[in-house]
Structure formats: C-alpha cells, structure tokens
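> What follows is a single structure, and I will ask about it in a moment.
Laboratory data are not the source of any read-out in this text; all were calculated from the coordinates shown. This one's a predicted model, so the numbers in the text were calculated from it and none came from an experiment. Note that each Cβ is placed from the backbone with ideal geometry, even for glycine, and that neighbours are counted across all protein chains shown.
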Amino acid sequence: MKTPDATSSGRLDRAGTLRLARIAPDPLLLPGGESKEQSTCRDALASGARFASDCVVLRGRARAVLGPRPAGAGAAGVRTIMIDDSHPLLLGSGSPRRREILTTLGLPLRVAAAEVDEAGRAGEDAAAYLERVTLAKLAAARRLRQAAGAGAILVADTSVILGDSILGKPRDEGDARAMLRALSGREHQVWTRFAIADGDRPDVATASVAGPAEALHAETIVTRVRFRELDDDEVASYAATGEGLDKAGAYAIQGIGAFAVARIDGSYSNVVGLPACEVVAALRATGLLARFPLPLARSS
C-alpha cells in the first residue's frame, strides 16, 4: 500500500486549499440589505481579478476567498446561504457517532444517509479508496431531497490501516475476532477523510447520477492507535458484544472497546468517526460557518 507523506498534524492533503484575505474592517450590517462588508466585497470582486470566487463575513470582517468561483455562487460571487437554523448542515451519513459529534458541537443539523458501494477495488491503496468513496458519498448526498435548503453538505469515511491492509467493517463475529487478534499488541492508523460542499447550489438535489462531485474542501486526518495485548478470551468476549460489528477495525474507542486502547497519537474524535477540530476549521475557512460557537442550534 502506498502511504502519502503526512504532516506532523496528521493532515495528508487538502483539495482546493483556500486562502483568506481581509478586505474590509467595517462590521456594520445594513437593515434589509447587504452588509457594508458584502458591498465592499462586491466592489473588490468586480475590480480585482485575484478576488474571483467568493465573499463571506467572518468575525465581523469581510473576507474574500482566492481561487476558482464555486458553481452556484451569486453573480458577484457573494455567498447568500451559510449554516444556520434555517439552513442546517446536511450530514450525508447514517453514522450515529458522526451525528453525535456534530450535535455536541452545537451545529444545526439535518441527517440523511448517502448510500454508496464501499467495497474496495483490486490494487487500490487507502488514500485512493477514501478519496473515491468520499466523492461518491458527496455526489449521492447532493441528490438527496434533504439537500434542498441545506447550508452545506458534509460526508466522511473512516478506515483502519494495519500495515498494508485496510480494515473495514467486519462481515460477521468471526471476522471481528480475526481483526481484533491482528490489532492486538500493535499500532495501527485510523484515517478519516471528510468532504464539504456548498449547499447553496442550483443543482443540489437535482444533480445527475453521472455528474462529478465537487468539494469545497476535502481532507484526510490520521490518528495512530496502539492496542495492548489481548488474550483469546478478551477477543472472543468483546467480539460477542456486537459493538464493533458496524465499525471499521471491529472496535469502538468510545465504548467498551476502550479497554483495548493503550494510547493514541492524534485526534480522538477522528477515531470515533469525524475529526471535530478540522471539520469546524474547514467550515470556517470556506465561509460556510460565519461564527463559532453558534448561539443556538437545532437538529432535524
């Protein structure tokens, strides 16, 4: 398996890296209309070739995102919808762990599973697998009726990497026992790749099945995990609980499976299924989340 170079923070790559530039200091909002920051942004976008994509208000400041204009942006590139109670974040996943992480963060949330084929392909390494599956989930989430009116769309996929092997969800209890024996006394890596798309697009919920998925931000986070030595009785007893049958690597660090984890290096929530720190940072950087924490959030 080919392993990409990782930075010290565990970030492997970032598709469409966005840079932010402050272009107006005035936070005053104009009643019933656009803010002064948006007006300044609009003028800058019209006159400056480098400001070619987006204009958002972050922390009371107008900021322009440098790079290609996202499809679905307004004529002047001004983002009109961000995550709020009226335009919740759509989580395209049926994972209760990911839903719990986002709910704990206080984000307005809408949940609908994006079903795709998650089977690996011959010769496919972990990075290629996660990129393919995550983009497929993003495309599937865009076609969901729940995508209409969403402030943003988020999907993710998690894999456990042991040596050159990708450990997905076990097929049955016997497969779970085999995975746990393989993990016993060794260090493995948990990779979670997440992708974020703008919910304010004319093709949301009407995208063609064959259409390509475009992510405003995609990132893979890596956490190293070491198991202590497990005896056969512990392996069999834990597998019999069924807790790990729907989880990559056949264990849940947030549940009974914590008994096997000697230490971790990196994001804990990444092992659970979603790197909370990096997701919030990405939502802020792309302008999909105007402020954080939010004063009020509701789930639907």
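> If packing is taken as the average number of other Cβ atoms within 10 Å across a peptide's residues, how do 83-95, 186-198 rank, most packed first?
186-198, 83-95
> Next question. Given 0.36 nm per residue, what is the gain on full extension from ASP231 to VAL280 after removing their alpha carbon distance, in nm? If you can, show how the numbers build up before the last one.
Values: separation 49, 0.36 × 49 = 17.64 nm, distance 3.92 nm.
Extra length available between ASP231 and VAL280 comes to 13.7 nm.
> Another question, then. Starting from the Cα of GLU100, step 7 Å along the direction of its Cβ; do the same at LEU294; then give the gap between the two resulting points in nm.
My value for the distance between the label points is 2.1 nm.
> Give the peptides 231-239, 131-139, 101-109 in descending order of average Cβ contacts within 10 Å, highest first.
Ranking, from highest mean packing down: 131-139, 101-109, 231-239.
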